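Note sheet for the following structure.
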Amino acid sequence: MADDPALVDAARDAIRAASRVVFFTGAGMSAESGIPTFRDALTGLWERFDPASLASAEGYEADPALVWGWYEWRRQKVMQAAPNAGHRAIARFATGGTVATAVVTQNVDDLHERAGSRAVMHLHGRIDHFRCNLCTFEHTLTPSERTAPLPPPCIACGGPVRPGVVWFGEALPVRVLDHAWRAAERCDVMLVVGTSGVVYPAAQLPLLAHHAGARIIVVNLECSPLTDMADVCLQGPAGEMLPALVAAL
Ligand code: OAD
């Protein structure tokens, strides 16, 4: 349980002995910042909206105004949110010591960056980035373009601009995936924070690290299927568990 000091000690000892640490985070990392997760009953996005119609190329082509408006709603939630103590603990750890640290996230928000983490690997893209759905030209949009009922046309080819995120059925950004894969295969410890571990290929990362001999520390409100391979499962909110763990190092 969250208040079992022996578990925190075991996690602390594993990290102290490590020379390479990866933080692999999911929506639970940003939950205490007020950003909805995906699968948590009632509050999760996918509990209330149909992902296939909102987070897919088909859904976007069928109803661009609906998808464009939904992502702007999510983007506003991100902009209104602030990094929580968990984001700050990871940034403190990553920038403060001698341990090579990588932050790989499934989240499309920029809270890790706003807390001070650098070179964050976004496997599913960034909700505040935009690109053309046809030629992939990257765009910076004004607030009025972002809040318009429909996206602006691409300035390079006239195609429809879309959010710079990965949609269901789409490939993950190859270079980011390659870097994340290598970080997972080379790390000594991977902290798996706030993810249900059900969406592949991202969910492959903890398995890769585990098979490469890394110690796996899960931080989650509940023990998930991921816990089966975890060396330590710290059950509790990331915003409490991570600061306590970093303070104990
Ligand atoms: P989920 O909503 O599937 O899972 C959130 C996880 O965080 C659950 O295991 C919760 O128990 C846990 N959790 C909730 N609040 C927490 C807290 N305060 N502290 C610690 N843990 C907490 O979100 P993800 O696993 O991130 O993909 O979902 C993975 C992907 O599925 C997302 O990136 C998205 C979605 O489809 C795309 O959009 C491509």
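Nothing in this text is a laboratory measurement; each read-out follows from the coordinates by a stated rule. Since the model is a prediction, treat every value here as computed from it, not as a measurement. Quick reminder, even Gly has a Cβ in these numbers, built from the backbone with ideal geometry, and neighbours come from all protein chains shown.
What to note about this one:
- Range of Cα positions in segment 118-203 per principal axis (Å), largest first: 46, 27, 23
- Sequence-distant residues sharing a close amide H with PHE130 (under 5 Å, placed H): HIS139, GLY164
- For segment 35-83, the spread of Cα coordinates along the three principal axes comes to 33, 24, 12 Å, biggest extent given first.
- Here the chain was treated as a single set of alpha-carbon atoms; its pair distances binned every 5 Å from 0 give 1, 6, 13, 18, 19, 16, 11, 8, 5, 2, 1, 0 percent.
- Semi-axis lengths (Å, descending) of the ellipsoid that matches the C-alpha gyration tensor of segment 55-132: 30, 13, 8
- Residues VAL103, VAL78, VAL193 arranged by fewest to most Cβ contacts within 10 Å: VAL78, VAL193, VAL103
- Segment 48-188 - charge dipole about Cα centre, Lys and Arg +1 at Cβ, Asp and Glu -1, debye rounded to 20: 520
- Estimated FRET transfer efficiency (TRP73, ALA6; beta-carbon r; R0 30 Å; 0.05): 0.10
- The Cα atoms of segment 1-85 define a convex hull whose projected area, averaged across directions, is 8.1 nm².
- Summing charges over neighbours of THR98, with a neighbour being any other residue whose Cβ is under 15 Å away from its Cβ, gives +2 when K and R count +1 and D and E count -1.
- Helical mean residue ellipticity (222 nm; -39500 (n - 2.57) per DSSP H run of 4+; nearest 500) of the chain: -11000 deg cm²/dmol
- Max mean-square fluctuation residue, GNM over the chain, Cα-Cα springs under 10 Å, options LEU54, LEU141, LEU234: LEU141
- Considering only VAL218, VAL192, VAL161, the Gaussian network model of the chain with Cα springs below 10 Å gives its largest mean-square fluctuation to VAL161.
- In plain terms, the C-alpha convex hull of segment 1-148 casts an average shadow of 10.8 nm² when viewed from every direction.
- Normalised by residue count, segment 156-227 yields a Cα convex hull volume of 111 Å³ per residue.
- Quick note on segment 86-167: its Rg to Rh ratio, both from C-alpha atoms and Rh being the Kirkwood radius, is 1.11.
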